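Visitor: Below is a structure I'd like to ask you about.
The values are calculated or read from the model by the stated rules, or taken from the named source; none is laboratory data. Small disclaimer: the values here were computed from a predicted structure and weren't measured. Neighbour counts are summed over all protein chains in view; Cβ atoms, including those assigned to glycine, are modelled from backbone coordinates with ideal geometry.
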């Protein structure tokens, strides 16, 4: 048969290459045969050439052939025995057997090392540690949690942090190295695999761990996965076994009760969405609170610890407030394990109680009487003016928005109004649907009237058409991941730019509380110094790291972030110290004690030279003296209503109440308003 028409001719080189490839693909024996032929085709001619060109080689043909055989055999490691043909064949056979044995041994060793290296790279080896911290799962908080755990370890007490997640081990190590940095004497150990598999979970030795943390992922089924991990942890530890304290986080409050059951009696479960919503609602009424919380929760400065209270047993709690020069006392841990934040000054410190203090480390709360540092003449005597109702604006909607609205309803002053502008007609799955037929423009019964409006917030003209003058505070919430843009913070940053442009046009600054998902975008947020930027994952990670160090702090932070009980607040310094007076911080502590509060720091007001800490200073020395201006703020732990407020005094309250009855057409273009 001839070559088909249209097909290009095949060269002899291509045919030879094809036949060679087809021959090699047959079997291993064929490959070995070709290797032998190739070696002989190179070694024998070259050895013969070397012998024939050597002036010292034998003169006879048999001698030269023997020398060529010896050179070839030594090169191929086949032995160099000469003599009869039988001896030469047996020598070559022994050489081939030796070569086969050595090659097999090298292959076995190489294969074993390769498999071991592959196993180590997959992160499937068992961790043999004692007193280590186990972190299960991968989320936005993982780098914050691991970084803070590393920072919390004292140099003389290094500890291992073991991370188990269903991700590639190399990727996890690279991410931690990029965000956490060098671990010093501490060890970061990554293992790969599903933490909900008891067989995989046993690799990280949770029985011998000091603490186990379970983080929710960013997937929609994250809470269910946390529940499975807790059940797997119970299966590994065994029923009734005394295991390590467990700290888990869920997003939806519906999973909190099942997670508590799965975590066991030594478990603590946080609701990340609820914590974030509480922080947002608290920052609306307390500008600068997010800065205080960041300083309070990270391990770079001062944080909450428990200190010995023996010196104050049987005496009033108020005496302990001025009993430490380098620590701020905020509460008591009773002998029964209950926490009392900001108790009345005459509360008796029972034997066995411990002090809750803000200090550098757990051994820095040293006793020192500071009563002589108080200057009574500098204390302000006039009561603070009453707070009025507030009018607030919320832009955007996500799964935490109903929780934010609920928190604002619980803390707002009577007569306050919240206008909600969203891209949707019916915001939020957990918010009751408004009835357009019964909706009116009058304020609803209760503290806070909530009114919804739908508008195209993604269009710049909508944002630039907003009238911010009537509002005392503004909340910006980005979309949930997967609902809006690929990066939700992009929409938030665009919204903040538009609001900043409105402030420049009107010359009036508005208090803005913004939620971001990525901490790297926080420096990019174009907000004024009086605004707060909350990175939900960052603050949640800091909170989990604090509780991981001391599980008793869970009750402390739960009360601080709740709508009821004690909380952290920033108040004008003129409430405590006469403006323009020079006084010590011990004087501020004494003035706050007279008002039933615990002072823990201050925020200086200086817009011209804003420092990296934004003027926030926690736990200053009691003897620190400075001149207090009317615009400085004092950070206190207080008990009572501290919700969002508008202008102080009766005029401000009347103005806000009157605004509650206004129509909301000044919000900008959009569809009809509804009220909830």
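Visitor: Can you tell me which residue among 207, 167 is out of contact with any strand residue (DSSP E or B) (no Cβ under 6 Å at 6 or more places or on another chain), assigned to a loop (DSSP other than H, G, I, E, B) and either modelled with pLDDT of 85 or more or exposed (fewer than 15 other Cβ atoms within 10 Å of the Cβ) (or both)?
Guide: Within the list 207, 167, the selection yields 167.
Visitor: For the condition assigned by TED's automatic domain parsing to the domain that holds residue 145, modelled with pLDDT of 85 or more and either more than 16 Å from the chain's Cα centre (by Cα) or more than 21 Å from residue 537 (Cβ to Cβ) (or both), what is the one hit in 260, 251, 278?
Guide: 260
Visitor: Looking at 412, 382, can you tell me which residue is over 26 Å from the mean Cα position of the chain (by Cα) and buried (at least 23 other Cβ atoms within 10 Å of the Cβ)?
Guide: Sole residue among the options that is over 26 Å from the mean Cα position of the chain (by Cα) and buried (at least 23 other Cβ atoms within 10 Å of the Cβ): 412.
Visitor: Follow-up question, since we're still on this one. Looking only at segment 308-343, which residues are in contact with a helix residue (DSSP H, G or I) (Cβ under 9 Å, 6 or more places away or on another chain), free of Cβ contacts under 8 Å to residues at least 60 places away in the same chain and assigned to a strand (DSSP E or B)?
Guide: 332, 340
Visitor: Answer yes if at least one residue in segment 468-475 is modelled with pLDDT under 85, in contact with a helix residue (DSSP H, G or I) (Cβ under 8 Å, 6 or more places away or on another chain) and assigned to a loop (DSSP other than H, G, I, E, B), and no otherwise.
Guide: no
Visitor: Out of 495, 514, which single residue is touching a strand residue (DSSP E or B) at 6+ places or on another chain (Cβ under 6 Å), assigned by TED's automatic domain parsing to the domain that holds residue 396, buried (at least 20 other Cβ atoms within 10 Å of the Cβ) and farther than 20 Å from residue 402 by Cα?
Guide: None of the others qualify; the one that does is 495.
Visitor: Shifting gears a bit: Can you go through 550, 528, 521 and tell me which one is modelled with pLDDT under 85, closer than 26 Å to residue 211 by Cβ and touching a strand residue (DSSP E or B) at 6+ places or on another chain (Cβ under 9 Å)?
Guide: Just one listed residue meets the conditions, 550.
Visitor: Given the conditions (1) at pLDDT 75 or above; (2) surrounded by 18 or more Cβ atoms within 10 Å (Cβ to Cβ); (3) farther than 18 Å from residue 358 by Cα, which single one is not true for residue 601?
Guide: Only one criterion in (1) at pLDDT 75 or above; (2) surrounded by 18 or more Cβ atoms within 10 Å (Cβ to Cβ); (3) farther than 18 Å from residue 358 by Cα is unmet by residue 601, namely (3).
Visitor: While we're here: Looking only at segment 564-593, which residues are crowded, with 18+ Cβ neighbours inside 10 Å and under 30 Å from residue 217 (Cα atoms)?
Guide: 567, 568
Visitor: Just one of (1) in contact (Cβ under 8 Å) with a residue 24 or more places away in the chain; (2) closer than 30 Å to residue 221 by Cα; (3) not in a strand (DSSP E or B) trips up residue 265, so point out which.
Guide: (1) is the only condition that residue 265 fails.
Visitor: Considering each of 350, 300 in turn, give the residue that is under 18 Å from residue 549 (Cβ atoms) and either outside any helix (DSSP H, G or I) or out of contact with any helix residue (DSSP H, G or I) (no Cβ under 9 Å at 6 or more places or on another chain) (or both).
Guide: It is 300.
Visitor: Just to verify a result, which residue in segment 251-263, among those that are under 17 Å from residue 195 (Cα atoms) and touching a strand residue (DSSP E or B) at 6+ places or on another chain (Cβ under 6 Å), is surrounded by the fewest Cβ atoms within 10 Å (Cβ to Cβ)?
Guide: 263
Visitor: Six or more apart or on different chains, Cβ atoms under 9 Å: show the pairs whose first residue is in segment 615-631 and at negative phi and whose second is assigned to a strand (DSSP E or B) and exposed (fewer than 14 other Cβ atoms within 10 Å of the Cβ).
Guide: Qualifying pairs under 9 Å: 625/582; 626/582; 627/582; 628/582.
Visitor: Somewhere in segment 212-233, is a residue assigned to a strand (DSSP E or B), touching a strand residue (DSSP E or B) at 6+ places or on another chain (Cβ under 9 Å) and surrounded by fewer than 22 Cβ atoms within 10 Å (Cβ to Cβ)?
Guide: So far as segment 212-233 goes, no, none of its residues is assigned to a strand (DSSP E or B), touching a strand residue (DSSP E or B) at 6+ places or on another chain (Cβ under 9 Å) and surrounded by fewer than 22 Cβ atoms within 10 Å (Cβ to Cβ).
Visitor: Let me ask something else. Given the options 63, 33, name the one that is assigned to a helix (DSSP H, G or I), farther than 30 Å from residue 100 by Cβ and in the same structural domain as residue 104 (by TED's automatic domain parsing).
Guide: Among 63, 33, only 63 is assigned to a helix (DSSP H, G or I), farther than 30 Å from residue 100 by Cβ and in the same structural domain as residue 104 (by TED's automatic domain parsing).
Visitor: Going residue by residue through segment 5-20, is there one that turns out to be part of a helix (DSSP H, G or I), modelled with pLDDT under 75 and within 29 Å of residue 104 (Cα to Cα)?
Guide: yes
Visitor: Then there's this: Quick one: how many residues across segment 494-550 are in contact (Cβ under 8 Å) with a residue 40 or more places away in the chain and assigned to a helix (DSSP H, G or I)?
Guide: 16
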